[in-house]
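Dumping the structure here so I can ask a few things about it.
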Amino acid sequence: MDNKLPAGWSIRNSTGAWAAPSHPDDDSDNDGDEGENVRANFRGAVGAEDGLTEEDLRPDSPGWEDVEDDSEKDSYQCLLCEVTKSKVREVVEHGKDVHNFDFDKIRKDHSLDFFGTLQLINYIRTAVKQHDPATLDFANLDKATFVQDQYMQPTMEDDALLYSIDDLADPNDPKDPLAQQREDDAEAQAGEGGGSKVLAERALRQ
Ligand SMILES: [Zn+2]
């Protein structure tokens, strides 16, 4: 883009910002009416002449939208690399395809329920943080390695996977404890007043 702006002006749009050096002369009094009008119009179209304000830098201000639209709100990061997916099961499939990492099989081997799965996720993220994933063998894990209180704490900040553990249930395994759990919840909600969850919700409403 042409960087030749009138002295003292700056431009800002979604591709960046440009500023010209300030006026060579003292401009405090000799701008004249015509110059002021032109500048006022220009300001309305592309931004203030006095540079970026705090308001301009907020992510919700104009010019940021295109960039922000590309990032998914719910993005689930692979356990072994930086890749993110918009769906939980896509993370599992990615693991199988790219890393030869079969999360379903590991969960099945250890019959992992909700909390076991939560601990496994945090354990793996911790291990990957500390070691090269290529050197780690998660297929032959000892359950005692990851079923530990310390792995109840999230390893990764805002780990979306931890909020969607139920969605990790293996669709090809009707006996998956996560799928069982979901059925139990559904049954409890369908039944007449049965289920602790329903009772708890009812109690909270009163
Ligand atoms: Zn990956």
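Out of all the residues in segment 167-182, is one or more closer than 24 Å to residue 81 by Cβ, assigned to a helix (DSSP H, G or I) and of a type in the set (D, E, K, R)?
yes
Within segment 57-73, identify whether any single residue is under 30 Å from residue 19 (Cα atoms), in a helix (DSSP H, G or I), more than 18 Å from the chain's Cα centre (by Cα) and modelled with pLDDT under 95, and answer yes or no.
yes
Name the one entry in 160, 139 that is in contact with a strand residue (DSSP E or B) (Cβ under 7 Å, 6 or more places away or on another chain), under 23 Å from residue 179 (Cα atoms) and surrounded by fewer than 20 Cβ atoms within 10 Å (Cβ to Cβ).
160
In segment 77-132, which residues are touching a His at 6+ places or on another chain (Cβ under 7 Å) and assigned to a helix (DSSP H, G or I)?
Once the filter is applied, which keeps residues that are touching a His at 6+ places or on another chain (Cβ under 7 Å) and assigned to a helix (DSSP H, G or I), segment 77-132 yields only 116.
What pairs come up if the first residue lies in segment 83-109 and is under 19 Å from residue 122 (Cβ atoms), the second is modelled with pLDDT under 95 and surrounded by fewer than 16 Cβ atoms within 10 Å (Cβ to Cβ), and their beta carbons are under 6 Å apart, counting only those six or more places apart or on different chains?
Short answer, once both residue conditions are applied: 84/75.
The values are calculated or read from the model by the stated rules, or taken from the named source; none is laboratory data. Note that the structure is a prediction, hence the values are computed from the model and not measured. Neighbour counts are summed over all protein chains in view; Cβ atoms, including those assigned to glycine, are modelled from backbone coordinates with ideal geometry.
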